[in-house]
Amino acid sequence: MNCFVTGASGFIGSNLVHELTARGHHVKALLRPGSDLRGLAGAGFERVEGDIGDRDRLKAALFGCDWCFHVAASYSLWLRDYGPMYVTNIDGTRNVLESAAAAGCTRIVYTSTVGCIGLPETVDGRLVPSDETTPVLKGQMSNHYKRSKWQAEQVAEQLAVNGLPVIIVSPSAPAGPRDAKPTPTGKIIVDFLNRAMPAYIDTGLNWVHVRDVAAGHVLAAEKGRIGERYILGNAQGNWTMKEAFAVLEKITGVPAPRHRIPYPVALGAAYANEALSFFTRRPPKAPLAGVRMGKHKMFFNPAKAIRELGLPQTPPEQALADAVEWFRKNGYVKK
């Protein structure tokens with residue numbers, strides 16, 4: 001197939017380009033001038049310079065493509081100005097999806113996030129991981145990233161209702177190679193390796209290998225039902241932060257942090273950090289958005305994607321090990 005990928009230089013996007021080319025597909029990768037191409041090293045693809053805000057450029061680049069993967073997004077837990085994030089995530093999504101449909105793409109895969117799905121609920125004292133049917137409350141959109149992606153997902157859903165061949169995929173917390181930026185999730189691993197993680201809060205994530213997330217995108221294009229949403233996660237990957245650090249300690253030999261910070265203390269420190277960042281213009285060490293998300297364990301159930309798409313289930317331990325290896329090889333760990 002002829003495939004078009006936005007956000008191709010990002011963590012998920014670069015792994016998707018590698019996955020598509022390894023399966024024999026031809027890839028047009030939309031890249032802005034000056035993009036960091038470390039994640040794309042070794043992949044064969046056709047470079048298209050442009051931006052998701054340019055509809056005319058998108059329509060021209062998408063001509064002749066069968067599948068479109070809209071992975072590009074503004075992903076940050078702290079910015080001085082969040083206005084451009086909303087433009088990129090909402091208006092950019094509409095631009096790409098409508099341009100892909102106009103170009104005749106038969107499958108359009110939109111990359112959302114599990115942050116747009118309702119939080120897990122406690123039933124009989126047990127936390128039940130959320131699935132695609134878990135209702136989300138507007139109040140759960142606790143930061144600008146989640147809020148902008150939630151609004152963008154509503155655009156994608158409406159376009160699917162209107163007849164566009166849109167399929168939504170919602171990655172959980174990917175880990176693995178090629179996290180060049182790194183993402184906030186990758187930064188947890190980098191900070192751990194650099195012993196810059198003296199303590200933790202009692203939260204949790206669903207860890208999944210980024211390679212499985214990339215494969216899930218391709219499988220969604222092949223088998224996904226139009227208008228449906230699929231969680232791209234790992235059934236064994238629901239770990240508390242303490243459990244994740246214990247695995248990292250076993251993999252690396254770096255001692256895991258032993259102290260848990262009470263949530264109110266972490267929240268107060270985040271407020272202080274953000275106040276300081278307003279003056280220094282440097283990102284806070286503990287973004288308020290990240291601490292607020294950490295109040296809840298973000299555990300998810302990917303059974304639907306496993307059942308309908310055949311989503312691979314690489315052990316999450318391997319995801320962390322591959323991430324550690326890549327960060328070490330690429331100079332992220334201080335000596």
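Assorted remarks:
- Counting only Cβ charges, +1 for Lys and Arg and -1 for Asp and Glu, the dipole size of region 64-193 around its Cα centre is about 320 debye.
- Using the Cβ-Cβ distance between K335 and T106 with R0 set to 45 Å, the FRET efficiency works out to roughly 0.35.
- Contact order, relative form, for the chain: 19 percent (alpha carbon pairs under 8 Å, 6 or more residues apart, mean separation divided by residue count).
- Full-stretch length increase - R32, Q154 - with 0.36 nm per residue and alpha-carbon distance subtracted: 41.3 nm
- Violating pairs (Cα-Cα greater than 19 angstrom) within the set K242/K335; K181/K285; K138/K187; K28/K187: K242/K335; K138/K187; K28/K187
- Under 12 Å of direct C-alpha separation, and excluding same-chain neighbours fewer than eight residues apart, K250 reaches these aspartates and glutamates: E317.
- Between region 201-263 and region 19-73, the alpha-carbon center distance in angstrom: 26
- The chain, dipole about Cα centre (Lys/Arg Cβ +1, Asp/Glu Cβ -1), debye to the nearest 20: 920
- Among V155, I188, F279 - extreme Cα towards positive end, dipole of the chain, charges at beta-carbon: F279
- A simple count of charges around S170, restricted to other residues whose Cβ falls under 10 Å of its Cβ and scoring Lys, Arg +1 and Asp, Glu -1, yields 0.
- Hits among lysines - C-alpha to C-alpha of K223 under 21 Å, sequence gap 8 or more where chains match: K304
- Helix axis angle, 144-161 relative to the chain longest principal axis, alpha carbon, degrees: 30
- Gyration tensor (alpha-carbon) shape descriptor, region 270-335, a/c threshold 1.5: oblate
- Relative to the longest principal axis of the Cα atoms of the chain, the long axis of helix 210-223 makes an angle of roughly 30 degrees.
- Stretching K242 away from Y86 to a fully extended chain increases their span by 52.8 nm, per 0.36 nm per residue minus the current alpha-carbon distance.
- The aspartates and glutamates within cross-link reach of K295, meaning a Cα-to-Cα straight distance under 17 Å and a gap of 8 or more places when in the same chain, are E121, D202, E243.
- For the chain, with +1 on Lys and Arg beta carbons and -1 on Asp and Glu, the positive-most of L127, S76, Y110 along the dipole: S76
- The ranking of V71, V218, V5, V128 from fewest to most other beta carbons within 10 Å of each one's beta carbon is V128, V218, V71, V5.
- Stokes-Einstein D in µm²/s, Kirkwood radius over Cα pairs - the chain at 25 °C with 0.890 mPa s viscosity: 121
- In the chain, helices alone account for a calculated mean residue ellipticity at 222 nm of -12000 deg cm²/dmol, with every DSSP H run of four or more residues adding -39,500 (n - 2.57).
- Cα centroid separation - region 132-150 against region 267-335, whole Å: 17
Any read-out appearing in this document is the output of simple, stated calculations on the displayed coordinates, not a laboratory observation. All values reported here derive from a predicted model rather than from experimental measurement. Glycine gets a Cβ as well: all are built from the backbone with ideal geometry, and neighbour counts include every protein chain shown.
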